[in-house]
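Engineer: A single structure is presented below for examination.
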Amino acid sequence: MSGTPGTVTPISDLFATAVHRFGAVWADLLVASLVVVGAASVPVAVAHSAGHGLVTFITAALAYGTGYQVFLAYVILRGLPDPAPRGRVASAYATAVIVGCLTGALLIELEPFVLVVLPLVLFAVPAVAAGDTSPAGALPRSVVLAVRNYIRTWGVWLITLVFSAPVAVSMFLAVSAFAGGEVASLLALVLSVPVVWPFSALFVRALYGDLTGRVVVAVQDRSR
């Protein structure tokens with residue numbers, strides 16, 4: 001998204017942009033999301049095989065929380081008009097791990113109420129990937145940016161949840177026919193990822209670009 005500071009793009013346009021770009025680059029994002037969620041599922045499968053429900057939940061929260069942030073870093077870095085320096089790439093992924101562990105810990109502690117506070121950390125990884133801050137300043141910058149633009153930030157977050165919920169529910173109903181309880185929930189989550197993660201990451205990318213005026217959309221991702 002390339003905007004100018006002070007220019008406000010309607011959220012509906014940001015939504016349409018995210019959907020359009022998902023359609024344009026779905027193959028790359030599909031593969032990337034499957035690779036990331038596959039890697040994140042390894043420790044979850046190990047924990048589940050040990051038969052400890054609480055450990056599985058904790059592992060899943062940390063693994064998938066980190067996985068999403070890593071995927072978000074990939075989407076932001078992919079969208080930059082010029083390749084990011086290696087140091088910034090490393091910083092972006094390191095920030096993704098830190099923020100992912102934080103979001104996982106928040107989920108473990110707050111459970112469903114985590115949905116209220118998660119928007120505060122949405123912009124940490126994009127800020128580092130775009131070169132706007134260092135990893136040390138990522139979380140403060142994200143909180144400030146989210147609070148200053150709270151209507152748009154929480155609005156985008158709500159739309160993301162509304163978009164994602166039917167996908168997750170439909171996947172759960174599909175897998176519940178042959179799996180139950182915890183297994184069905186995890187399978188539904190994994191199967192939802194190729195749709196939910198790319199859309200969410202593109203939506204966040206579009207919003208970050210609009211709020212900051214940063215060019216974070218590569219030529220190959222732009223609307224034609």
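Every read-out reported here was derived from the displayed coordinates using simple, explicitly stated rules and does not represent laboratory data. Since this is a predicted model, take the numbers as computed values, not measurements.
Engineer: For the range 102-156, count the residues as N, evaluate 2.2 N^0.38 Å, and divide the Cα radius of gyration by that value, please. Mind showing how you got there, number by number?
Structural biologist: Values: Rg = 11.5 Å, N = 55, 2.2 N^0.38 = 10.1 Å.
The reported ratio for this selection is 1.14.
Engineer: Once Rh is set to the Kirkwood radius over Cα pairs, what Stokes-Einstein translational diffusion coefficient, in µm²/s, holds for the range 21-64 at a temperature of 10 °C and a viscosity of 1.306 mPa s?
Structural biologist: For these conditions, the coefficient is 139 µm²/s.
Engineer: How tilted is helix 11-49 with respect to the longest principal axis of the chain? Cα atoms for both, answer in degrees (0 to 90, nearest 10).
Structural biologist: For helix 11-49, the angle is close to 40 degrees.
Engineer: At each listed q (0.11 Å⁻¹), what is the log10 of I(q)/I(0) that the Debye formula gives for the chain modelled as equal alpha-carbon point scatterers?
Structural biologist: Cα-only, vacuum Debye calculation for the chain: -0.52.
Engineer: No solvent, one uniform scatterer per C-alpha: report log10 I(q)/I(0) for the range 53-149 via the Debye equation at q = 0.16, 0.17, 0.22 1/Å, two decimals.
Structural biologist: Taken in order of the listed q values, log10 I(q)/I(0) reads -0.63, -0.71, -1.06.
Engineer: Can you tell me the orientation of helix 181-212 relative to the chain, as the angle in degrees between its alpha-carbon axis and the longest Cα principal axis, to the nearest 10?
Structural biologist: That works out to roughly 10 degrees.
Engineer: By how many degrees, 0 to 90 and rounded to 10, does the Cα axis of helix 53-79 deviate from the longest principal axis of the chain?
Structural biologist: Approximately 30 degrees, to the nearest ten.
Engineer: Would you please give the residues with an amide H less than 5 Å from that of S176, counting only those at least 5 places away or on a separate chain, with H modeled from the backbone geometry?
Structural biologist: Here nothing satisfies the definition.
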